[in-house]
Amino acid sequence: VVSGAIEGPTQDIVSAVYFLRTLPLTPGNSFELAISDSGRVYRVPCRVVAEKKRMKSLVGRVPVVRLDVELFGEGRPIQGKGKMSIWVTTDERRLPLKARLSHDLAQLDITLKSIRHDLPAQTAEVR
């Protein structure tokens, strides 16, 4: 945990999803995100994992990569055991199709439900 001045790109948990889309999402790549939450900055590891199957989604059955974000654990934004994964398309849009947060108590699935075509290119709406 780092406190004090923020150095370099730092995101909150939600904007980190959009920031991840700008990084090279080649399977096997790993990087560390600086995530700010409740006045603290956490260094959160993230790993890009290849998915063998295409994901069924509102944009069809598309190839994706899975981003495993280590949001849970000692020195992380969320204490305790858990897992967070985000599935992003491999095309130039890098649409975040699905996210899953798993914890001992529950599992939360978030799925992209609509895309507004009247907005500028590359803009998607999550409901």
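The values are calculated or read from the model by the stated rules, or taken from the named source; none is laboratory data. Computed from a predicted model, the values in this text were never measured in an experiment. We place every Cβ from the backbone using ideal geometry, glycine too, and count neighbours over all the protein chains shown. Calculation scope for accessible area: heavy atoms of the full protein, side chains included, ligands and nucleic acids excluded. Shrake-Rupley method; radii C 1.70, N 1.55, O 1.52, S 1.80 Å.
A compact table of results
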read-out: Inter-residue pairs, beta-carbon under 6 Å, first without any contact (Cβ under 8 Å) to a residue 40 or more places away in the chain and part of a strand (DSSP E or B) and in the stretch 50-63, second open to solvent by 50 Å² or more (accessible area, probe 1.4 Å) and of a type in the set (Lys, Arg), 6+ apart; value: Arg61/Arg54; Val62/Arg54
read-out: Cβ pairs under 8 Å, 6+ apart, first in the stretch 90-113 and under 12 Å from Arg21 (Cβ atoms) and in contact (Cβ under 8 Å) with a residue 60 or more places away in the chain, second in a loop (DSSP other than H, G, I, E, B) and not charged (D, E, K, R); value: Thr90/Leu25; Thr90/Pro63; Arg94/Leu25; Pro96/Leu112; Pro96/Ala124; Pro96/Val126
read-out: Matching residues in the stretch 111-127 - criterion: being modelled with pLDDT of 85 or more and open to solvent by less than 70 Å² (accessible area, probe 1.4 Å); value: Thr111, Leu112, Ser114, Ile115
read-out: Residue check, Val44 within 17 Å of Arg94 (Cα to Cα) and open to solvent by less than 50 Å² (accessible area, probe 1.4 Å); value: no
read-out: Residues satisfying the stated conditions in the stretch 53-84, i.e. under 13 Å from Ser102 (Cβ atoms), open to solvent by less than 30 Å² (accessible area, probe 1.4 Å) and at pLDDT 90 or above; value: Asp68, Val69, Met84
read-out: Count of residues meeting criterion [in a strand (DSSP E or B) and of a type outside the set (A, V, I, L, M, F, W, C)] in the stretch 64-91; value: 6
read-out: Index of the failed condition, Asn29 passing every other in (1) closer than 19 Å to Thr10 by Cα; (2) free of Cβ contacts under 8 Å to residues at least 24 places away in the same chain; (3) open to solvent by less than 80 Å² (accessible area, probe 1.4 Å); value: (1)
read-out: Of all residues making up the stretch 15-26, the number that are open to solvent by 70 Å² or more (accessible area, probe 1.4 Å) and in a helix (DSSP H, G or I); value: 1
